[in-house]
1. Within segment 99-143, track down each residue that is among the basic types (Lys, Arg) and within 16 Å of the ligand (Cβ to nearest atom).
2. Within segment 8-18, take every residue that is more than 20 Å from residue 169 (Cβ to Cβ) and small (Gly, Ala, Ser) and give me the one that is surrounded by the most Cβ atoms within 10 Å (Cβ to Cβ).
3. Could you list all residues from segment 44-68 that are more than 9 Å from the ligand (Cβ to nearest atom) and either in the same structural domain as residue 254 (by TED's automatic domain parsing) or polar (S, T, N, Q) (or both)?
4. So in segment 174-220, with the set limited to residues that are among the polar types (S, T, N, Q) and free of Cβ contacts under 8 Å to residues at least 24 places away in the same chain, which one is nearest to the ligand (Cβ to nearest atom)?
5. If you scan segment 306-322, which residues turn out to be within 14 Å of the ligand (Cβ to nearest atom) and either among the β-branched types (Val, Ile, Thr) or open to solvent by 20 Å² or more (accessible area, probe 1.4 Å) (or both)?
6. Hey, does segment 258-273 have a residue that's away from the ligand (no atom under 13 Å from the Cβ), β-branched (Val, Ile, Thr), assigned by TED's automatic domain parsing to the domain that holds residue 129 and not in a helix (DSSP H, G or I)?
7. Please determine, by comparing only the residues of segment 207-257 that are closer than 19 Å to residue 320 by Cβ and in a loop (DSSP other than H, G, I, E, B), which one is farthest from the chain's Cα centre (by Cα).
Amino acid sequence: MHHPSSHPDICIAGAGIIGLSLALELHHRGHRVTVLDQGDPLAEASAAAAGMLAAQDPDNPPQLRPLADLSLSLYPAFLDRLYNFSGTRVPFQTHTTLQSLHTNHTSPNELTAQDLSHLLPALTPTGHRFILLNEHSLDPRQLAIALLAAVHATTIDLRTHTAILSTRSTNSSIEITTSNGIVHSSRFVDCTGAWATTTSRLSHLQIAPRKGQMVAVALPPSLPLHFVVRTPDIYIVPRTIGPTAGRAIIGATIEDTGFDKSIHPDDIHHLRALAAALLPPLANTPQLEAWSGLRPATPDGLPLLGALPEDPNHLIATGHYRNGILLAPATAHVMAQLLSNEAPSLDLTSFSPDRLVPQTVEVP
Ligand SMILES: Cc1cc2nc3c(=O)[nH]c(=O)nc-3n(C[C@H](O)[C@H](O)[C@H](O)COP(=O)(O)OP(=O)(O)OC[C@H]3O[C@@H](n4cnc5c(N)ncnc54)[C@H](O)[C@@H]3O)c2cc1C
């Protein structure tokens with residue numbers, strides 16, 4: 001697979017939204033790309049997400065904001081590219097988010113009780129104060145269908161059911177041992193999400209899976225919800241367009257339980273109770289589905305983007321935690337810049353794979 005050309009070949013591990021978005025961007029720039037996944041593509045965290053592009057979520061670490069804003073600015077072109085390759089247009093499902101303010105924060109835009117009762121008569125604020133954010137959401141399953149079709153329409157070599165077992169660097173290339181034989185590549189990019197600790201040796205940081213359970217319910221006719229409602233405890237994300245229109249996603253738990261993805265009725269019941277406390281018409285609506293996913297978490301809540309300190313040909317792009325759908329276009333953009341030996345459009349110091357995480361940082 002080694003081609004000594006100005007656009008060397010690149011092997012990506014992991015066909016989640018991060019790996020496949022990067023593959024498309026590299027293909028666009030003329031690189032030869034191979035993507036390996038141990039299972040089916042887009043079957044892990046990327047298909048489990050709610051799909052909020054929550055750049056302004058007050059719970060995000062502040063250092064994330066420039067990357068989040070870059071990603072928002074790239075999103076329309078990213079969706080256009082998916083449409084051009086796949087013929088499938090992924091619509092935004094919502095355009096606004098009703099966000100609760102943190103207890104000690106104030107905002108000149110805080111909504112009055114009257115504003116709230118006009119906007120969402122069913123809302124029981126239960127002590128929360130709210131603002132409106134210009135924020136979009138999309139359906140990650142629709143995104144997955146379009147992204148996969150787009151990848152299949154290119155020359156990207158996607159090999160599923162091919163697990164990376166180990167990697168070894170030689171002078172100018174990387175030898176990748178997989179469950180289906182050995183692959184040689186000029187550069188290797190680890191996009192295996194919550195599994196990255198098993199595929200990349202990291203000096204200071206560890207990636208850990210952090211489970212989120214989710215539930216989808218039917219929206220009752222008395223509650224035609226067209227925007228996201230979010231507090232620190234719960235979010236309610238309606239689907240408004242396409243085959244799943246009329247349902248709302250309620251999420252999510254945050255659990256450190258290793259790679260276990262089991263769903264527990266008690267946890268689902270608790271999510272539903274939190275949602276119903278805010279929006280009582282949700283109390284008795286039919287439950288449609290429950291699922292879980294493993295967010296790739298780092299100790300400081302920031303992604304890892306760049307080369308490993310001991311090996312410039314072994315790069316990593318993971319740790320997107322609660323924001324991988326939001327951050328995919330910007331991640332693909334800056335990683336493709338690094339792999340094309342260009343200066344990245346953003347200062348990536350906060351996301352350096354060899355950064356030292358201060359011990360005082362609170363795990364988000
Ligand atoms: C419940 C929940 C809700 C979320 N909501 C949102 C949201 O509203 N907005 C948002 O922006 N983000 C959200 N996220 C976060 C987002 O889903 C993740 O940050 C993002 O999907 C991570 O993408 P990824 O490609 O890194 O990982 P993944 O999608 O998990 O992909 C990793 C891939 O690597 C493969 N792999 C693993 N090990 C190997 C190996 N050894 N060899 C080969 N392949 C391997 C896996 O099979 C998998 O396909 C949510 C996540 C969860 C769980």
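The values are calculated or read from the model by the stated rules, or taken from the named source; none is laboratory data. Small disclaimer: the values here were computed from a predicted structure and weren't measured. With ideal geometry, Cβ positions are generated from the backbone for all residues, glycine too; neighbour counts draw on all protein chains shown. Surface accessibility is based on the protein's heavy atoms, side chains included, excluding ligands, DNA and RNA. Shrake-Rupley method; radii C 1.70, N 1.55, O 1.52, S 1.80 Å.
1. Once the filter is applied, which keeps residues that are among the basic types (Lys, Arg) and within 16 Å of the ligand (Cβ to nearest atom), segment 99-143 yields only 141.
2. Checked segment 8-18; the qualifying residue surrounded by the most Cβ atoms within 10 Å (Cβ to Cβ) is 15.
3. 56, 60, 63
4. 198
5. Correct list: 316, 318, 321, 322.
6. Scanning segment 258-273, I find no residue that is away from the ligand (no atom under 13 Å from the Cβ), β-branched (Val, Ile, Thr), assigned by TED's automatic domain parsing to the domain that holds residue 129 and not in a helix (DSSP H, G or I), so the answer is no.
7. Among them, the one singled out is 256.
To keep it simple, each residue is scored yes or no on (1) open to solvent by less than 70 Å² (accessible area, probe 1.4 Å); (2) in the same structural domain as residue 85 (by TED's automatic domain parsing); (3) part of a strand (DSSP E or B).
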{"site": "131", "(1), (2), (3)": "yes, no, yes"}
{"site": "145", "(1), (2), (3)": "no, yes, no"}
{"site": "148", "(1), (2), (3)": "yes, yes, no"}
{"site": "154", "(1), (2), (3)": "yes, yes, no"}
{"site": "161", "(1), (2), (3)": "no, yes, no"}
{"site": "171", "(1), (2), (3)": "no, yes, no"}
{"site": "175", "(1), (2), (3)": "yes, yes, yes"}
